[in-house]
Structure formats: structure tokens, C-alpha cells
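S.K.: Provided herewith is a single structure, encoded as C-alpha cells, for subsequent inquiry.
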Amino acid sequence: AQTVTQSQPEMSVQEAETVTLSCTYDTSENNYYLFWYKQPPSRQMILVIRQEAYKQQNATENRFSVNFQKAAKSFSLKISDSQLGDTAMYFCAFGDNTDKLIFGTGTRLQVFP
Amino acid sequence: NAGVMQNPRHLVRRRGQEARLRCSPMKGHSHVYWYRQLPEEGLKFMVYLQKENIIDESGMPKERFSAEFPKEGPSILRIQQVVRGDSAAYFCASSYNRGRETQYFGPGTRLLVL
């Protein structure tokens, strides 16, 4: 069975600095995809970024980028130039052809002024 | 272009009552997924539906929980005879296709069982 592990329950960063959130996963499949979702205090789940396992190039979306290491089964999220609005829970998720997403337990990020 | 809509946003029920949660997928999406988030935990898959069909209900509790996605109207997650342990946030997501499509989430319904 697939598992997703987020080993950092809480992280903090100062505004304008860079922070990296860790995620590791376990799977025997070769064809899958990975997500980072953001859950601000409003509790809405917001898609941050998506990575296809077959792509070697790391996905980027503005200030958000990932470091995808397929052999190590690692999928970290880097947030550059952190903003107060980035304060949220961040969930890593694994998806394959079974249609269901497997979520990690989340990392609570606090951005300080 | 409206996103995934869920209502109600907050629902309070007493033990033994029924809870009905509704989800309208994004326009053009015919695949709906329900997830449950217990306090301080990640989201857990419950059920995946297409129009008029349940495709995967491997995450649904065997008793008291049911889901449907009729030809017309929203998807409904129904919880009968609620217990305090059902208190959670219930999220609906939708996608255009199945398999490798991105799932877009609604704002969730917070169920509180007194």
C-alpha cells in the first residue's frame, strides 16, 4: 500500500525568507503523480503544485517549487520569498490510477513578520 | 467559472440524527470524490463516484454511511444515526476525467455532533 510521510509537524519562517517542507512516500509503482495542497485557516484545500513521476524536471509555480527525487521517493516543497498569506497547513499527496489520493499528516507553516 | 461547491458549510447534529452533505462538482466534471478529515489529521479517502455509479467505496465505513451522485443534481453523502466520532470536516473533490486528473476541492462541510 502507498504511504505518504511528512516528518515536520510544524515549521516557521520569517517573511521574505525561504522554507522547505519535506515529504517522502512509498510505492512500488512507476507511474504516479504527486501534489502539494495548502489549507489556510479558512480550511479550504487549495492546489499548490503538481508533479508527474515520469518528468525529470521539477515543477514550479511562481514562488513555489519542488525538489522531486524519484529514486529517494522524496518530494519537498520550497517556498521562496515567504509571505504572511503563506501561513497554512501544507499537505503532500500521492495519486495513481486508483483514483484516490493518499495524504500525509501535514506540516503547519507559520510565517512571521 | 464556479469551483466545487459544498453545502452546508457547517452542520450541527445531535447523536442519532441524520446528516446530509451536498457537493456540486465543477462545471464539466463528472467525477466526484469524498474525503474525511478528522481533527489534526490529513484527509482520508472515502468514496469515488461517477454519475449514477459508485466506482470505489473502499474508504467508506460499512454501516450508516452512503453516497450517491444522481443523473441530475449534486452528489450526496449521507450519514445516518450520527455519533460523536463522525465529527469531522468532509471534503468533496471533482475531476474532469479519472485516472490521472487533478482533483479540485470544495470548501468542505464541518460536521459537529453533539
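The values are calculated or read from the model by the stated rules, or taken from the named source; none is laboratory data. All of these numbers come straight from a predicted model, not from anything done at the bench. Note that we place each Cβ from the backbone using ideal geometry, even for glycine, and neighbour counts take in every protein chain shown. In case anyone asks, the SASA skips ligands and DNA or RNA and just uses the protein heavy atoms, side chains included. Shrake-Rupley method; radii C 1.70, N 1.55, O 1.52, S 1.80 Å.
S.K.: Report the charge-dipole magnitude of chain B in Debye, nearest 20, computed about the Cα centre from +1 at each Lys and Arg Cβ and -1 at each Asp and Glu Cβ. Please list the in-between numbers first.
M.R.: Details: 18 positive and 11 negative charges, 63 e Å.
So the magnitude is around 300 debye.
S.K.: Turning to a different aspect of this structure: When the chain is fully extended, how far beyond the present Cα-Cα distance does A:Gln44 get from A:Asn58, taking 0.36 nm per residue of separation?
M.R.: Values: separation 14, 0.36 × 14 = 5.04 nm, distance 2.56 nm.
Full extension of this stretch gives 2.5 nm more.
S.K.: Would you give the gap between the C-alpha center of the stretch A:35-113 and the C-alpha center of the stretch B:6-30, rounded to a whole Å?
M.R.: Each part reduced to its Cα centre gives a spacing of 27 Å.
S.K.: Roughly how many nanometres apart are two label points built 7 Å out from the Cα toward the Cβ at A:Arg108 and A:Ala16?
M.R.: 2.8
S.K.: Which order do A:Ser76, A:Ser7 take by accessible area at a 1.4 Å probe, largest first?
M.R.: On the way: A:Ser76 20, A:Ser7 90 Å².
Solvent-accessible surface, decreasing: A:Ser7, A:Ser76.
S.K.: Based on the Cβ-Cβ distance of A:Ser80 and B:Lys51, what FRET efficiency does E = 1/(1 + (r/R0)^6) give at R0 = 41 Å, to the nearest 0.05?
M.R.: On the way: r = 42 Å, r/R0 = 1.02.
Rounded to the nearest 0.05, the efficiency is 0.45.
S.K.: With an 8 Å Cα cut-off and a minimum separation of 6 or more residues, compute the relative contact order for chain A in percent. Mind showing how you got there, number by number?
M.R.: Values: 276 pairs, mean separation 42.3, N = 113.
This gives 37 percent for chain A.
S.K.: Okay, moving on. Let me know the charge dipole size of the protein assembly as shown about its Cα centre in debye, to the nearest 20, where only the beta-carbon of Lys, Arg (+1) and Asp, Glu (-1) is charged. Walk me through the intermediate numbers first.
M.R.: Numbers: 28 positive and 22 negative charges, 141 e Å.
Computed charge dipole of the protein assembly as shown: roughly 680 debye.
S.K.: Given the options B:Leu49, B:Ser75, B:Thr109, identify the residue whose Cα lies farthest towards the positive end of the charge dipole of chain B (+1 on Cβ of Lys, Arg; -1 on Cβ of Asp, Glu).
M.R.: B:Thr109
S.K.: Moving on. Ignoring any ligand, DNA or RNA, what whole percent of the accessible area of the protein assembly as shown comes from carbon and sulfur when the probe is 1.4 angstrom?
M.R.: Working: 5210 of 11290 Å².
With neighbouring chains kept in place, the figure for the protein assembly as shown is 46 percent.
S.K.: Then there is this: So with the 1.4 Å probe, I'd like the accessible area per residue for chain A, rounded to whole Å².
M.R.: Working: 5480 Å² over 113 residues.
The answer is 49 Å² per residue.
S.K.: Relative contact order, percent, of chain B when contacts are C-alpha pairs under 8 Å separated by at least 6 residues?
M.R.: Details: 292 pairs, mean separation 41.8, N = 114.
Relative contact order, chain B: 37 percent.
S.K.: What is the spin-label model distance, in nm, from A:Thr5 to B:Lys71 if the labels are put 7 Å beyond Cα along the C-beta direction?
M.R.: 5.0
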